[in-house]
Amino acid sequence: MDTRTRAVLLLALTAVVGSRTALAQAPAALTPALIAQGDSIFHSKGNCYACHGANAQGAVGPNLTDAEWIHSDGSYDAIVKQVTTGVPQNESKSGIMMPPKGGSSITDDEVKAVAAYVYSLSHKTGS
Ligand code: HEC
């Protein structure tokens with residue numbers, strides 16, 4: 001095996017190990033089906049699109065697709081909690097509050113789905 005082949009193999013191995021780690025960190029419950037359900041809730045009865053924009057890149061509310069989290073560490077559990085409680089006025093950085101569940105009447109399971117969608121936007125695996 002020449003040096004070049006060895007280097008290529010090493011790179012491939014690193015990529016495999018790297019993506020394994022990323023997958024292991026993503027909560028196992030975040031299935032593509034759950035994320036798809038969350039996508040639909042985000043753009044309909046969850047009201048999220050109204051403040052965060054249809055592409056979730058921010059409007060009245062902040063961008064949800066970047067790695068910057070104002071109110072939490074951006075983990076899945078933290079996003080679930082955040083969506084459930086919203087952002088009270090006194091904790092809002094912009095002075096604009098987010099009502100609990102965005103002011104919608106989605107169920108706790110729907111909150112988990114929409115949080116899975118939000119999580120997936122900023123934690124893309126394989127890229
Ligand atoms: C009435 C407007 C409004 C609606 C509707 C709304 N949000 Fe928000 N959201 C905000 C504002 C405003 C903030 C943060 C304000 C600040 O601190 O500057 C926020 C913050 C957040 C954060 C925290 C972001 C961070 O960087 O830490 C998440 C996550 C979030 N919203 C998700 C959602 C989801 C999911 C929905 C739908 C269920 C939703 N929001 C509906 C206005 C809204």
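Just so it is clear, none of the values below were taken in a lab; they were calculated from the coordinates. Computed from a predicted model, the values in this text were never measured in an experiment. Positions of Cβ are generated from backbone atoms using ideal geometry, with glycine treated the same way; all protein chains shown enter the neighbour counts.
Taking residues in the stretch 49-60 that are free of Cβ contacts under 8 Å to residues at least 12 places away in the same chain, and partners anywhere that are loosely packed, with under 15 Cβ neighbours inside 10 Å, the pairs with Cβ atoms closer than 6 Å and at least 6 places apart or on different chains are Gly53/Ala59.
Restricting attention to the stretch 46-77, the residues that are surrounded by 14 or more Cβ atoms within 10 Å (Cβ to Cβ), closer than 17 Å to Pro99 by Cα and either β-branched (Val, Ile, Thr) or more than 9 Å from the ligand (Cβ to nearest atom) (or both) total 2. A count restricted to the stretch 91-108 and to residues that are basic (Lys, Arg) and not in a helix (DSSP H, G or I) stands at 1. Within the stretch 101-118, the set of residues being under 11 Å from the mean Cα position of the chain (by Cα) and near the ligand (Cβ under 7 Å from one of its atoms) comprises Val114, Ala115, Val118.
Applying the set (1) among the basic types (Lys, Arg); (2) farther than 16 Å from Gly58 by Cβ; (3) surrounded by fewer than 16 Cβ atoms within 10 Å (Cβ to Cβ) to Lys93 leaves exactly one unmet item: (2). Identify the residue in the stretch 78-100 that is under 21 Å from Ala33 (Cβ atoms) and either near the ligand (Cβ under 7 Å from one of its atoms) or without any contact (Cβ under 8 Å) to a residue 24 or more places away in the chain (or both) and, among all such residues, is nearest to the chain's Cα centre (by Cα). By that ranking, first place goes to Ile79.
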